Amino acid sequence: MNLFFLTSSKFSYLCTAERKTIEKGMIDTSAFQGKTAAYYTLGCKLNFSETSTFGRMLADMGVRSVERGEPADICLINTCSVTEVADHKCRQAIHRMVRENPGALVVVTGCYAQLKGETVSKIDGVDLVLGSNEKASLIDFLSDAWTRKTDSSLHECHAVEKTRDITTFAPSCSRGNRTRYFLKVQDGCSYFCTYCTIPFARGFSRNPSVASLVGQVEQAVAEGGKEIVLTGVNIGDFGRTTGEKFIDLVKALDAVEGVSRYRISSLEPDLLTDELIDYCAQSRAFMPHFHIPLQSGSDEVLRLMHRRYDKALFAHKIERIKTAMPDAFIGVDVMVGTRGETPECFEECYDFLSGLDVTQLHVFPYSERPGTAALRIPYVVSEADKKLRSKRLLELSDEKTHAFYARHIGRQAEVLFEKAPRGKAMHGFTRNYIRVELPPREAKEDFDNQLIPVVLGDFNHDGTALKVRNME
């Protein structure tokens, strides 16, 4: 196998610089003209944003995305490593892409590539492995790997940058095949919770300037973007690199004309300031929609996790949001079965969540991750108990989401619709993230990426959305 496995020492370009380099002809892209590419993304919204940007950069080089069932010349897999299950899915995806695209140049990047680069490099068919620093110079590496793919003298190199050396920031503001744009405002994390490998996979917290992000949003507006989701690993930590604050970014983005909606993808409770909540409540374009990781409703477990808040602070933030924005959608991340979560701790967590005015629970069973401090905690929860606890919390989540949706039946709302496959129902979201369904006979192509006033009707057939009662 010819493997091109690179570190970042050779190049220092960021994605925006690469696009300018391509435009100036500094990279020969003629070999890519007319080629095809397939993309596969695992994990978070940040990964989807980055993959979309990679695709856009390749499109600028003349590379076309494949149609369904068509073999690709280039395969890019953007990986996740948040759990052992995620690792397994990454390996499956890589093997499948290699099998379905014989002879393709296969590129693997993302968190699994950073943490398990040696393992990925040994998968038959993989040509290029890019860690967190290296993916910022994707085009340079890809161009070199393409020209050298058939060179049998190509040597193998099996080292990615260590966590402390991951310093690059690869800008990303793209929508792929979606209506919403995803704007990467921050990367990395400096928190080192005991169960988490993300700081090792993505490096320490870093960010671009407010001015550069405003520029990217203005470009999205010029392309017709109406809704933008702010993504990152720990976006509330924005400013470590530039000395600015997250609230500064929010205020600057709110002033950009042409953007109808912003959503904040995930914000740590200790970084969700009262000032930010109050500003969002009266802002022009920031939606009444929050996603806040709790992880556990037990103070004892939170201490074992090295989280930077307690239940009282979390409850205060929920109350503050609901006072300022009574109809706000609030999603909450919860991890079950972590080391140290005794039955008593879980019941404390369940009771705490039952009493919170939140909308939806994103429930994740704890997964052992090599090298994490959590492995030193002696109390281990069985897999059977993890499943039972997950089931109970998911049922609680369904109850809360159903009740939240039900309260809005009969109300007027503005929905941003997204293009639907031919013959399928069209879907969109209200300001406070209620999913709305429009049947095929009423859906129109020109509704795509349009804000349409409607009256919300009853639940759809599977309870995942509210139907449109009538158009306003």
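The values are calculated or read from the model by the stated rules, or taken from the named source; none is laboratory data. Being a predicted model, the structure only gives us computed values, none of them experimental. Quick reminder, even Gly has a Cβ in these numbers, built from the backbone with ideal geometry, and neighbours come from all protein chains shown. Protein only, heavy atoms only, side chains kept; ligands, DNA and RNA dropped before computing areas. Shrake-Rupley method; radii C 1.70, N 1.55, O 1.52, S 1.80 Å.
Observations
- Residues of segment 369-382 that are in a loop (DSSP other than H, G, I, E, B), touching a Phe, Trp or Tyr at 6+ places or on another chain (Cβ under 9 Å) and under 16 Å from Phe192 (Cα atoms): Arg369, Gly371, Thr372.
- Residue match in segment 383-396 (condition: part of a loop (DSSP other than H, G, I, E, B), open to solvent by 70 Å² or more (accessible area, probe 1.4 Å) and either on the phi > 0 side of the Ramachandran plot or of a type in the set (Lys, Arg) (or both)): no
- Matching helices (runs of 4 or more DSSP H) fully within segment 101-149 where at least 3 residues are surrounded by 23 or more Cβ atoms within 10 Å (Cβ to Cβ): 111-115, 138-148
The rows are residues; the columns are (1) small (Gly, Ala, Ser); (2) open to solvent by 50 Å² or more (accessible area, probe 1.4 Å); (3) at pLDDT 95 or above; (4) over 21 Å from Tyr309 (Cα atoms).
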position: Phe169; (1), (2), (3), (4): no, no, no, yes
position: Arg202; (1), (2), (3), (4): no, no, no, yes
position: Ser205; (1), (2), (3), (4): yes, no, no, no
position: Gly215; (1), (2), (3), (4): yes, no, yes, yes
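- Among the residues of this structure, Val468 does not count as one that is β-branched (Val, Ile, Thr), within 20 Å of Ser260 (Cα to Cα) and touching a strand residue (DSSP E or B) at 6+ places or on another chain (Cβ under 7 Å).
- Test for Ser390: is it over 17 Å from Phe314 (Cβ atoms), modelled with pLDDT of 95 or more and in contact with a strand residue (DSSP E or B) (Cβ under 6 Å, 6 or more places away or on another chain): yes
- Checking Ala255 against (1) in contact with a strand residue (DSSP E or B) (Cβ under 7 Å, 6 or more places away or on another chain); (2) open to solvent by 30 Å² or more (accessible area, probe 1.4 Å); (3) among the small types (Gly, Ala, Ser), the condition it does not meet: (1)
- Of the residues contained in segment 235-242, one or more are found to be modelled with pLDDT of 95 or more, open to solvent by less than 10 Å² (accessible area, probe 1.4 Å), within 25 Å of Ala86 (Cα to Cα) and assigned to a helix (DSSP H, G or I).
- Residue count for segment 56-83, restricted to those that are over 18 Å from Asn133 (Cα atoms), within 22 Å of the chain's Cα centre (by Cα) and of a type outside the set (A, V, I, L, M, F, W, C): 3.
- Matching residues, segment 418-472, being in a strand (DSSP E or B) and of a type in the set (Gly, Ala, Ser): Gly428, Gly457
- Out of Tyr39, Tyr13, one residue alone is modelled with pLDDT of 90 or more, open to solvent by 30 Å² or more (accessible area, probe 1.4 Å) and not in a helix (DSSP H, G or I). It is Tyr39.
- Pick from segment 451-467, criterion open to solvent by less than 70 Å² (accessible area, probe 1.4 Å) and not hydrophobic (A, V, I, L, M, F, W, C), ranking: farthest from the chain's Cα centre (by Cα): Gly457
- Boolean, Ile77 is open to solvent by less than 10 Å² (accessible area, probe 1.4 Å), of a type in the set (Val, Ile, Thr) and modelled with pLDDT under 90: no
- Among the residues of segment 288-323, the ones that are part of a helix (DSSP H, G or I) and open to solvent by less than 40 Å² (accessible area, probe 1.4 Å) come to 9 in all.
- A count restricted to segment 434-448 and to residues that are crowded, with 19+ Cβ neighbours inside 10 Å and within 25 Å of Gln360 (Cβ to Cβ) stands at 4.
- Tyr405 in contact (Cβ under 8 Å) with a residue 60 or more places away in the chain, at positive phi and not in a strand (DSSP E or B): no
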